[in-house]
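Colleague: Pasting a structure below so you can have a look.
Only the coordinates and a few stated rules stand behind these numbers; no lab work does. Because the structure is a prediction, the values reported are computed rather than measured. No Cβ is skipped: glycine too gets one built from the backbone with ideal geometry, and neighbour counts run over all protein chains shown.
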Amino acid sequence: MTPSSDPELAARGRQPHPRRLDTVKGRVLDPTRTPVTGLPPAHPTAYVRDRLMIDKRRFDDLFPDLAEVATEHGWTLTPNRESAKTRNLPFGVRTITLSAPRHRRQPDAWQLLQYLRKEKGEDALRGIDLDHIVQTGAFQPAHWEIPHPTHWEIPHPDDASSVSPALVSYGLPGSGGRQPIAYAGERPRRDVPTQGGRRPVVAILDTGCYAEHPWFRDDRNVANADKDPVVRTRVRLGRQAIGYQGAASDPELYGDLIGPFDGEIDRIAGHGTFIAGLVHQACPDATILSWRGIETVRPLVESEWLITLAQITELVRLDREGVDQEEKDRGQAIDVLSLSLGYYHENESDDLLDPILWDILDELGRLGVVVVCSAGNDATAQPCYPAAFGPWADDKGPYPARHSYAPVVSVGASNPNGTDAMFTNGGPWVRAYAPGAAVMSTMPPFDGGLQPIGRLTIGGRLRESIDPDDYHAGMRGRRAEGGFGLWSGTSFAAPVIAGRIAAAMGQDVMTSAGSGDNHVGEAVTRAWNAVQAVTELRRPPAPAG
């Protein structure tokens, strides 16, 4: 893959729009403005400019040195309270806010980390990180407003900083962009688990899910619908909710939460419902756990994301390793976790690479959970995390595959003809490809402000052209004729692989006894067997001795 001749312009296309960054005090790191010479080169990334994260387990050891260096540069550090959601959990973060008097140079989190590294050494940084801004993986050409053209014209950029027409095409209805479609087939059919077994479980941390979609209601019999639903959206950790709550801000219930009063459906509205539908197609027998970990109204910041991941990890730990039945009952079996979001790290070749996030993913792997991640949509070889935490084909990645840990699997997108999608990221860190361009899946019953071009009544029957943003669902028997759409992005390739891995586990999980299922070693073996059946990844041999 040939990088852009202008790294600054290439990087700009991989970061959130400035208006989005402003809502969380975000900033794009400019590697040309290095405050300290002689340190490893940095790459552009988006982060919260006045906040840092510290691993909660090392906070008391790391904070004093950080505060000392900040004071030397005229800045003040204020520790923020740890979230109640992780206070009693082994994993979590504490955040600190940077401030300075108005007449002084205002603080910058990345600059403070460079000062700390220079003055205290690398060990002082282990467990401290920027609060990165994480992006979803539906195709959204950076700095381009996707038009709704009457004649499906593809816009042609007129300056070097814009993305190419080939990439923009994926954002257009008719070329892979989000649009409603009709589905004429039957819904996926589910089998009943053998007595003593359970369904494979795929967890999704995204924008949530419209669980009332006809595909997600278990209709084998009405009495059983609440006992064995396809999608569960209210799984908690004890009394603590997981992810964001509140119907008023739910992008799967309300398609238009941000922007002007024009009725246009938000860019990521329906994202989680679409992902759930892809998992259901790939593994109809799976139980899908869906949590809302992404807000529409503002970008997702890493510290909030880590809180939710820490809670999910604890759910799995209680299920796998609970010391008594009460602990096990508080847990939740999860076989695969699908993550369709990511960010670019400023130091991907650095030994200090994001240890806080990695430690959580590593614990999930130890417990036998396969974490499947989208590779990103920026047509670049620059590693996108957490996808690039998985084993690399050339063994140059930060963490190799291990026999006793389920792997992280990175997924790129392919076109309907099987070629790699033009927008997908690629490189030795992308280890699987799956349909991710112009794929079909479930959508909430949105009806946006756009209208059909023509409408009239003939013989008492309404005739109209296609409404370009009406996703209302209708069912006739087992057939759903609405509530479906086409969309593109590595966001949608990842759940296809997640579903396929769950399907490969299916027979084992659905027929195994419950006591054996909780054994960590068996869970890791089951995970690797499924990953090897679906991807090119191979389990390393057990260490000698």
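Colleague: Length gain on complete extension for the stretch residue 164 to residue 519, per 0.36 nm per residue less the alpha carbon to alpha carbon distance?
Modeller: Residue separation times 0.36 nm, minus the Cα-Cα distance, leaves 122.8 nm.
Colleague: Next question, about the same structure. From a point 7 Å beyond the Cα of residue 507 in the direction of its Cβ, which residues of region 191-209 have a backbone N at a distance under 17 Å?
Modeller: 191-195, 197-200
Colleague: OK, next. R0 = 60 Å: FRET efficiency of residue 461 with residue 403, Cβ-based, nearest 0.05?
Modeller: E(calc), rounded to 0.05, equals 0.40.
Colleague: Report the chymotrypsin sites (Phe, Trp or Tyr not before Pro) located in region 236-300 that are in a DSSP loop and have at most 16 other Cβ atoms inside 10 Å of their Cβ, or state none.
Modeller: Answer by residue number: 254, 261.
Colleague: So how far apart, in nm, are the two label points at residue 236 and residue 450 if each is 7 Å from Cα heading toward Cβ?
Modeller: 4.0 nm
Colleague: Give me 327, 264 ranked fewest to most by other Cβ atoms within 10 Å of their Cβ, as a rough exposure proxy.
Modeller: 327, 264
Colleague: Which order results if 508, 354 are arranged by neighbouring Cβ count within 10 Å, fewest first?
Modeller: Least crowded to most crowded, the residues run 508, 354.
Colleague: Which lysines does residue 85 reach when only Cα atoms under 29 Å apart count, and residues fewer than 8 places away in its own chain are ignored?
Modeller: Result set, ordered by chain and number: 25, 56, 227, 328.
Colleague: Still on this structure, I have one more. Please give the net charge around residue 81, taking every other residue with its beta carbon less than 12 angstrom from that of residue 81, where Lys and Arg add +1 and Asp and Glu add -1.
Modeller: Cβ neighbours under 12 Å give a net charge of +3.
Colleague: Which is the longest part of the chain that has none of the trypsin sites (Lys or Arg not before Pro) sitting in a DSSP loop with at most 10 other Cβ atoms within 10 Å?
Modeller: 240-395
Colleague: If the cut-off is a Cα-Cα distance under 16 Å, which aspartates and glutamates reach residue 118, setting aside same-chain residues fewer than 8 apart in sequence?
Modeller: 65, 68, 72, 108, 129, 350, 351
Colleague: Please list, by residue number, everything in region 427-460 whose backbone N is under 17 Å from a paramagnetic label point 7 Å out along Cα→Cβ of residue 394.
Modeller: Flagged as within label range: 427-432.
Colleague: Shifting gears a bit: When only Cα pairs under 8 Å and 6 or more residues apart are kept, what is the percent relative contact order across the chain?
Modeller: It comes to 18 percent, rounded to a whole number.
Colleague: For the chain, just say rounded, prolate or oblate: build the C-alpha gyration tensor, square-root its eigenvalues into a ≥ b ≥ c, call rounded for a/c under 1.5, and beyond that prolate if a/b exceeds b/c, oblate if not.
Modeller: Judged from the Cα gyration tensor, the chain comes out oblate (a/c at least 1.5, b/c at or above a/b).
Colleague: If R0 is 51 Å, what FRET efficiency do you get for residue 184 and residue 33 from their C-beta distance, rounded to 0.05?
Modeller: Computed FRET efficiency for residue 184 and residue 33: 0.35.
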